[in-house]
Amino acid sequence: DTEVTQTPKHLVMGMTNKKSLKCEQHMGHRAMYWYKQKAKKPPELMFVYSYEKLSINESVPSRFSPECPNSSLLNLHLHALQPEDSALYLCASSQRSLAGALKETQYFGPGTRLLVL
Amino acid sequence: AQTVTQSQPEMSVQEAETVTLSCTYDTSENNYYLFWYKQPPSRQMILVIRQEAYKQQNATENRFSVNFQKAAKSFSLKISDSQLGDTAMYFCAFRMEYGNKLVFGAGTILRVKS
């Protein structure tokens, strides 16, 4: 089972709203990722959590706030977003391996399409 | 820094024919991992195939196979017996052995025509 789920599928929000994106996996993976993807462009890494601790923050604006409450869940809290933040937000997970082996393959969720008005 | 280049922005192929998507990369690392991901119009990112750099044998998954040329830093994807469901954006990606950051190419849009 290589399923990563994301909710909601679609989200429309105003620039003053606060909303959250949710990602869940039950594969026992200990690394989880948030990506932002514009149309016809490759995904851009935003955050990486490893063993529920933030390990990579790719200089993302503070209006995006990640949270990893437990090993299966990853949230992305959104506040005071700009129209240019409209994009597909992808979550991914991978099984950590100290040997850096094949288990590190990232599996992606279906994404949340975000529109900021 | 590692870079991944996909030189074909768009390609088309007739149903049942074979098509090859190109990918080159640049790295000074000796061991690493390479991936092809497929993103259909639904925008779900799906793993197609993966290759470990230390393995000389080219990876194969059903109709999908790669031609991995380590010295040339080339990693092309061959799709045999193309199907309409293969229509998608295809991304080539690189990952260092102990890193968890994927470096993506710009993508190739593949259209399979009936």
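The values are calculated or read from the model by the stated rules, or taken from the named source; none is laboratory data. In this text the structure is predicted, and so the values were computed from the model without any measurement. Every residue, glycine as well, gets a Cβ built from its backbone with ideal geometry; the counts of neighbours run over all protein chains shown. Each accessible area value is taken on the protein alone, full model and side chains, heavy atoms only, with ligands, DNA and RNA left out. Shrake-Rupley method; radii C 1.70, N 1.55, O 1.52, S 1.80 Å.
From the list B:Ala59, B:Ala71, the one residue that fits, being surrounded by fewer than 16 Cβ atoms within 10 Å (Cβ to Cβ) and of a type outside the set (Asp, Glu), is B:Ala71. Within segment B:100-114, restricting attention to residues that are within 8 Å of another protein chain (Cβ to nearest Cβ) and in a loop (DSSP other than H, G, I, E, B), the residue that is most open to solvent (accessible area, probe 1.4 Å) is B:Lys101.
Entry remark, segment A:5-53: residues being within 13 Å of another protein chain (Cβ to nearest Cβ), hydroxyl-bearing (Ser, Thr, Tyr) and open to solvent by less than 70 Å² (accessible area, probe 1.4 Å) number 5 in total. A:Leu78 meets the conditions (1) open to solvent by less than 10 Å² (accessible area, probe 1.4 Å); (2) modelled with pLDDT under 95; (3) more than 12 Å from chain B (Cβ to nearest Cβ) in every case but one. The failed one is (2). For first residues located in segment B:1-28 and under 12 Å from B:Thr108 (Cα atoms), partners that are among the charged types (D, E, K, R) and open to solvent by 80 Å² or more (accessible area, probe 1.4 Å) and lie 6+ apart or on another chain with Cβ distances below 7 Å form the pairs B:Ser12/B:Arg111; B:Ser12/B:Lys113; B:Thr20/B:Lys78. As a summary of the residue check, B:Ala53 satisfies the conditions (1) touching a Phe, Trp or Tyr at 6+ places or on another chain (Cβ under 8 Å); (2) closer than 20 Å to B:Leu110 by Cβ; (3) not acidic (Asp, Glu) except for the one numbered (2). Applying the condition of being open to solvent by 20 Å² or more (accessible area, probe 1.4 Å) and over 18 Å from A:Lys41 (Cβ atoms) to segment B:81-98 and asking which residue is modelled with the lowest pLDDT yields B:Tyr98.
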